[in-house]
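To start, the structure itself, in structure tokens.
The values are calculated or read from the model by the stated rules, or taken from the named source; none is laboratory data. From a predicted model like this one, the values you see are computed outputs, not experimental measurements. Cβ placement follows ideal geometry from the backbone for every residue including glycine, while neighbour counts extend to all protein chains displayed. The area values use the complete protein model at the heavy-atom level, side chains included, leaving out ligands, DNA and RNA. Shrake-Rupley method; radii C 1.70, N 1.55, O 1.52, S 1.80 Å.
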Amino acid sequence: MSRPAPVEQSPAPEKGYVTIRLDWFRVVFAAILAFTVVTRFYGLSLKPFHHDESLYATYSWYLFEGRGYKYDPMMHGPFMFYLDALLFTLFGVGDFVARMGAALFGVGLVWCAWLFRKELGKAGALSTAALFAVSPTFMYFSRFFREDVFVAFWALLSVGLFVNRLRAGSRGWLYGASAAFSLMFCVKENSYMFLAIFVSFWAFMLLFERCFGRAALPGTPCAAGGGRRLLGLLDTVVALGIFFAIFYLFFTSFFRNPPGFIDGLYRKSLGYWMHQDKIQRIKGPFTYFCPIAATYELPLLAVLFAGVVATLRRHRLSLAVMAGSSAVALPLMCLWNRPLPVAWDTLFHMTSTLHVVFALYVFALGMAATCTCLREGRRFAAFVSYWSWTSLLLYSYAGEKVPWLLMHVLMPMVLWAGVLLGDFFASERFRRNTNAYAALLGVGLLLFLQASLRLCFVNEANPVECMVYTQTSTDIQKTLRIINALAEETGKGLQLPIGIQGESTWPYTWYLRDYKDWFHPGTFTAPSKMVVAVDWDKRRDFSAVLEPHYRETRMKLREWWVPSPLGSLKSPGPGWAERVFGRRPFSVFIADSSHRLRALLRYYFSRQVWSVLGSQDIAFYVRRDLLGEAPGPVSAAEAPQAPAVAKEYAVIGTTS
């Protein structure tokens, strides 16, 4: 009988020493989370509150104060109001705490990449977490008190938990996914768009596999059961019960407003926002998100482009679709840009032939990528690809075009990029040229970081950033310092009489919440208010009272930049082509094109805008007697004596 070969054993650690094995995946993931925490919370209260932020923060404060809550579709769902009221209870009321919920959920969004580590692989999961962490879009709107970061978190969490349910089979994952799905619906009405994407993909996948006989590869999500019996009757009933129980609690204001359940389910929620979509309240071109994404998310788009090309090249049919659609669509988008009839705008929110070609091109490439992944039995990759291109088309169609909706377009794209990068890091191509590709990825990371840090910590309230949308000006913070100084120096404190009229009601309602004697009147009959703010273009309506008794200063309320079309830019002087060939059409075209390219590069790297900034202004008034002046056109020598004025008043000056 032969003896078994001796087993070589590792030497035991010497006495008094402890052996620690570090898991590099966990260490790097923890480092990404630490970076996320710092970039989401640092300086969170410094930026002035946007109009919408002040609205949501104020109504959260009302709830905290005991004034209750009732669902209003204009302000979306109830979740974030209850969350902020809870945070106010725990940490006190303030600007930092008002934005704390958004920052926490921004960190949670990065953590969700952990749930997909089996589907993405370790390298893909780390790539996904890193992309969420450094993305300018996700960083900026994780520091911004709006619904979108909450929706993004609950959507990603529900997908992650559901995928784990399909892989592990445990009911707990399903019930957690149902709770997360319900909480997503308690935040914002665009949850119905995600539901449509999820259900339509599942139906398309089952139809595709029935027709072509493709099944999931062993070990991939959905392999067990092949989609035939994912949920038992009991599981379905419990999951639906969890969904509707949470939904009912929030929309009925915890049983105080029973009609809120139907209002949130469809009566007010869908009715209101379908009407807003129809009238296109905040109108924009069908391709609205493309230039913003190119400005801030260029490395992500580069990864997606390379990954989609690599995916479609693997099969002849998908390669033919890519080559044929590109050969037709790209020249048409460059050369054929004609206006469409009004009916196209009404039905499809498209105003140009460019929009039609763009939509068809995205559909062709996206559907080809989804079908390719399904043919290969890669259901998760198929889902994130389908989610990506359908989100792009749906939000391009939507009647409101605002930068924060870009989060919902980019979120599935980040997951898809994680899939593609995970495959790439495991490929022979990467192993053969590791140093070159690592350097290329490092350049992409640096581009991301410079855009993110500049946007969130340098230009966070600067309208030269196209992500900064009708942002409240820092001038408002100057006026608040004046108001607080006056309250202290006059001894009035929170009883300081203040008059606010017009558009500046928001954000002043939030900022002046503790002052007892402030309101927004329709008119002024006497100079009883010590400080007054009115719309700049309405100031003459109050001139009889304000001009004799108050010192006027023009201040910016909100600022923005709407770039003029690049095609309108003309070269200021003759270019090299004109000097060589004379002023011919092609030489003028070359000069103008090079001028436009320089304008784009200056904007991308240093945010030098090529058209004027816009603003909405207010007239800010301080009563003259507080500044040591007499009412009316009285000289400084005749003015009554007054206490020394604090240096905060240096901003006060007469303007016309």
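Selection of segment 206-223 for residues being part of a helix (DSSP H, G or I) and either open to solvent by 70 Å² or more (accessible area, probe 1.4 Å) or modelled with pLDDT of 95 or more (or both) yields LEU207, ARG210, CYS211, PHE212. Residue count for segment 147-182, restricted to those that are under 30 Å from THR472 (Cα atoms) and either of a type in the set (Phe, Trp, Tyr) or open to solvent by 10 Å² or more (accessible area, probe 1.4 Å) (or both): 3.
The set of residues from segment 590-618 being touching a Pro at 6+ places or on another chain (Cβ under 9 Å), in a strand (DSSP E or B) and open to solvent by 40 Å² or more (accessible area, probe 1.4 Å) comprises just one member, SER615. Selection within segment 309-339: residues that are part of a loop (DSSP other than H, G, I, E, B) and in contact with a strand residue (DSSP E or B) (Cβ under 9 Å, 6 or more places away or on another chain). The member of this set that is modelled with the lowest pLDDT is ASN337. Annotation: of all residues in segment 184-196 being assigned to a helix (DSSP H, G or I) and open to solvent by less than 10 Å² (accessible area, probe 1.4 Å), the one that is nearest to CYS371 (Cα to Cα) is SER191. Among the residues of segment 269-279, not a single one is at pLDDT below 95, in a loop (DSSP other than H, G, I, E, B) and either open to solvent by 50 Å² or more (accessible area, probe 1.4 Å) or under 26 Å from MET407 (Cβ atoms) (or both). Exactly one residue among VAL237, VAL321 is exposed (fewer than 14 other Cβ atoms within 10 Å of the Cβ) and more than 20 Å from VAL409 (Cα to Cα), and that residue is VAL237. Restricted to segment 280-308, and to residues there that are outside any helix (DSSP H, G or I) and hydrophobic (A, V, I, L, M, F, W, C), the residue that is farthest from MET367 (Cα to Cα) is ILE282. Screening segment 481-535 for residues that are among the acidic types (Asp, Glu) and part of a loop (DSSP other than H, G, I, E, B) and picking the one that is surrounded by the fewest Cβ atoms within 10 Å (Cβ to Cβ) gives ASP514. Just wondering, is there one or more residues in segment 119-126 that are at pLDDT below 95, open to solvent by 10 Å² or more (accessible area, probe 1.4 Å) and of a type in the set (D, E, K, R)? Yes, the conditions are met somewhere in segment 119-126. Could you tell me whether any residue of segment 23-37 is touching a residue at least 60 places away in the same chain (Cβ under 8 Å) and among the small types (Gly, Ala, Ser)? Checked segment 23-37: no residue is touching a residue at least 60 places away in the same chain (Cβ under 8 Å) and among the small types (Gly, Ala, Ser). A Cβ distance below 7 Å, combined with a sequence gap of six or more or placement on separate chains, defines the contacts here; from segment 545-568, residues that are within 21 Å of GLN616 (Cα to Cα) and hydrophobic (A, V, I, L, M, F, W, C) reach residues that are open to solvent by 50 Å² or more (accessible area, probe 1.4 Å) and outside any loop (DSSP other than H, G, I, E, B) in the pairs LEU557/GLU503; LEU557/GLN616. Checking each residue in segment 356-403 for being within 25 Å of LEU109 (Cα to Cα), surrounded by 19 or more Cβ atoms within 10 Å (Cβ to Cβ) and of a type in the set (A, V, I, L, M, F, W, C) picks out PHE380, ALA381, ALA382, PHE383, VAL384, TRP387, TRP389, LEU392, ALA398.
Within segment 346-355, the residues that satisfy the criterion of being open to solvent by 30 Å² or more (accessible area, probe 1.4 Å) and under 26 Å from the mean Cα position of the chain (by Cα) are PHE348, THR351, LEU354.
Note on segment 340-441: enclosed helices (runs of 4 or more DSSP H) holding 3 or more residues that are basic (Lys, Arg) are 428-432.
For LEU83, the stated conditions hold: it is open to solvent by 10 Å² or more (accessible area, probe 1.4 Å), within 23 Å of ASN190 (Cβ to Cβ) and in a helix (DSSP H, G or I).
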